[in-house]
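Single-structure report; data block below.
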Amino acid sequence: MDVQISKVLLCYPRGSSRYLAGVDGFLEFAYKDKTEDTTILCPCEECVHTSVLSKDEFCDHLIYNGILQSYDKWVFHGESSDEHNNDQQPQPHNEEMLADMHGLINDAFRNMYDDVPMSESPDPPNQHGPNLEAEEFYKLINDSKKPLWPGSGLSQLSLLVILFNTKSMNKWSDKSFGDLLDTLRMAIPDGNELPQNFYEAKKIVSKFGLDYKKIHACPNNCQLFWKDKENDDFCSICKASRWKDKEPETKLTKKERKKATPSKVLRYFPIKDRLKRLFMCKETAPLLRWHHEERIKDGALRHPADSPAWKVLDERYSKIASDCRNIRFGLGTDGFNPYGMLSSS
């Protein structure tokens, strides 16, 4: 069995037929130049390369404990380390992304299909005219079909989506992204149609949605300036000014407020739109239901759904538990360290 196929199969849930096929592929690779009685290091979640086992024990550990998911290069079992840089980040699947550009657009705008009838033609319907979201949809469809130059396999939109994905995977700075756009504008035919900098490119890609909202905050973290306090100029608790370089309890005119710089800004990511995208995408929707539909329910603690806290929540809120699509944010992220540098104690 091909090594890459085996690695993919080992990413499936333990106990599934695909995972077991991946175990067979791993054993086949690890013992291709060895005799059956050779002992080798075990890469299961429990041993983590600290135990030397026989082939049968090795197989049992992989089946019952699961393989260490971070072990993506089998250097302890015969795979050459020269072919792979351990510090290299996973590369974006650019070919798959390009092939499914139309599907990507459909996933981003599917919630407006009830308002505007869809057809194979990218031209907007004439009757009554499309709504604003439909106009964005049709523009993206047209942009996704317009090649960068005659004969090119890439459109401007697909190029930008691939570049943004690569930027994220490789942690490019905004400046380096803009410098690359400058180079591409000179290097390719009709390059002047590309955006001039990162911010122009971001405006194009932002049409896929999932944007964030800016909410001004008190510099002392007392309150947010939103809802009934959206137009206030200073904090109702500590009286500190909402704006930089302004005295406490200072009121500004509309003209002054337009030029003023907020002291602190909270960037809020609305959760509803993100959940819609996750459930609309055919790749991610099954993963959100995995804990109910595919999880092995044998009493072993492998997933938050196996924990007593999850079960108590199901008993207390039976209506939530009745639909596997409901998301348990607080329970699912308890103890999660988003930045990797905060104390966990």
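Below is a table of values for the structure above.
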read-out: Single unsatisfied condition, Glu283 versus (1) without any contact (Cβ under 8 Å) to a residue 12 or more places away in the chain; (2) of a type outside the set (Val, Ile, Thr); (3) in contact with a His (Cβ under 9 Å, 6 or more places away or on another chain); value: (3)
read-out: Exclusive hit being under 30 Å from Asn170 (Cβ atoms), within 31 Å of the chain's Cα centre (by Cα) and at pLDDT 85 or above, set Ile105, Ile67, Ile63; value: Ile67
read-out: Count - residues of segment 3-44 that are closer than 29 Å to Glu293 by Cα and part of a loop (DSSP other than H, G, I, E, B); value: 8
read-out: Listing of helices (runs of 4 or more DSSP H) fully contained in segment 153-235 that carry 2 or more residues being surrounded by fewer than 16 Cβ atoms within 10 Å (Cβ to Cβ) and acidic (Asp, Glu); value: 174-187
read-out: Candidate set from segment 269-281 (those that are surrounded by fewer than 11 Cβ atoms within 10 Å (Cβ to Cβ) and not β-branched (Val, Ile, Thr)); member that is nearest to Ser16 (Cα to Cα); value: Lys272
read-out: Segment 26-46: number of residues that are closer than 19 Å to Cys11 by Cβ and either among the basic types (Lys, Arg) or buried (at least 16 other Cβ atoms within 10 Å of the Cβ) (or both); value: 8
read-out: Of the criteria (1) among the polar types (S, T, N, Q); (2) within 30 Å of Leu275 (Cβ to Cβ); (3) in contact (Cβ under 8 Å) with a residue 12 or more places away in the chain, which one Ser206 fails; value: (3)
read-out: Qualifying residue in segment 247-265 (condition: within 26 Å of Ser168 (Cβ to Cβ), free of Cβ contacts under 8 Å to residues at least 12 places away in the same chain and surrounded by fewer than 15 Cβ atoms within 10 Å (Cβ to Cβ)); value: no
read-out: Among (1) in contact with an Asp or Glu (Cβ under 9 Å, 6 or more places away or on another chain); (2) of a type outside the set (A, V, I, L, M, F, W, C); (3) surrounded by 10 or more Cβ atoms within 10 Å (Cβ to Cβ) - the single one Gly299 does not satisfy; value: (3)
read-out: Subset of segment 304-336 (residues that are closer than 29 Å to Tyr64 by Cβ, in a loop (DSSP other than H, G, I, E, B) and modelled with pLDDT of 85 or more); value: Ser307, Cys324
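The values are calculated or read from the model by the stated rules, or taken from the named source; none is laboratory data. Computed from a prediction, not measured in an experiment: that's the story for all the values here. Cβ: placed from backbone, ideal geometry, glycine included. Neighbour counts: every protein chain shown.
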